[in-house]
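The values are calculated or read from the model by the stated rules, or taken from the named source; none is laboratory data. All values reported here derive from a predicted model rather than from experimental measurement. Methodologically, a virtual Cβ is constructed for each residue, glycine included, from the backbone with ideal geometry; neighbour enumeration extends over all protein chains shown.
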Amino acid sequence: MVLPGIPRLDKQLRRFFAVDIHIHQYPEVFSPFGIFQFNLAARSELVDSKLFGDTRGLNSLLLAKLCVGFNELLSRAPDHERRECRVSTEFSWLMGPAIQIIERLISDRADVCFDTDVIEILLKIPAMRHWAGDQINEYKDRLNELIPAWHKFNDAYFWQSIEEARTSLAEKDKRLTDAWEVLWRGHYWQFESDSFDRVLGFINTTQYEDDQLVALSLAFRGYTQFEQPPEWQSQLEEVVAGKEALATNLQELLNPPVSETWFYPDFTNSQLRVS
């Protein structure tokens, strides 16, 4: 039975949310009278529904499946577009609940966080806040604390943001060799003063020269942000030794032409932060 004024649960939703899940166990999720009442009047109530107020009773596999569904809906056309960010105009209101589910998964350090859908949703958030912040509810997430504390995920998320930006630039026949392309966007990943050695390590662990240049630019911004410790400069010079393109780039950063003014924004309390 369907209540008057509430449409039947979309078959697509059942396909995305019902795989391997017993619907009767989670009626508040799958019932057309629960969180997926796709009538405009219900949207504000759905965002604050019981599920998203307390996800402790739901396991990581279920929450991961919800992320798969949310990401698909958030990616549906027609969409808003802000550079590389595309979010469904119809389903952008789901971003608030998606953030809360991801916060739970990150808090649990669940392996599913490394799945494509979790990171893709995170990558949609910064640009969406600029043009549709009112569609993200007032829930105060802790992702800006939880993600940097989990180094493995923080770094994977950073490199995926690089890949996304690189794909966008490639359409214009441009390379991405500077972390600035993603630093200004307001992602949740961060690199604090105690991350310097880890960032330097990216130069040796990445194979692609453009990625090595990205890592070098990130490390150099840390060096300038954290008062240019002499020992850090020595480490920078050591790690690029024997890598011609990187060594040249580092010298240009350390000794810019007099006519040029190098601008390194203040990332305190942002992606680069003093711990």
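Against the conditions (1) at pLDDT 90 or above; (2) aliphatic (A, V, I, L, M); (3) buried (at least 17 other Cβ atoms within 10 Å of the Cβ); (4) part of a helix (DSSP H, G or I), LEU176 satisfies every one except (4).
Each row is one residue, and each column tells you yes or no for (1) part of a helix (DSSP H, G or I); (2) surrounded by 22 or more Cβ atoms within 10 Å (Cβ to Cβ); (3) small (Gly, Ala, Ser); (4) assigned by TED's automatic domain parsing to the domain that holds LEU122.
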position: HIS187; (1), (2), (3), (4): no, yes, no, no
position: PHE202; (1), (2), (3), (4): yes, no, no, no
position: GLN207; (1), (2), (3), (4): no, no, no, no
position: GLN212; (1), (2), (3), (4): yes, yes, no, no
position: LEU218; (1), (2), (3), (4): yes, yes, no, no
position: ARG221; (1), (2), (3), (4): yes, yes, no, no
position: THR224; (1), (2), (3), (4): yes, no, no, no
position: GLN228; (1), (2), (3), (4): no, no, no, no
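Quick check, is ILE162 in contact with a helix residue (DSSP H, G or I) (Cβ under 8 Å, 6 or more places away or on another chain), closer than 17 Å to ASP108 by Cα and either surrounded by 12 or more Cβ atoms within 10 Å (Cβ to Cβ) or hydroxyl-bearing (Ser, Thr, Tyr) (or both)? Criteria not met by ILE162.
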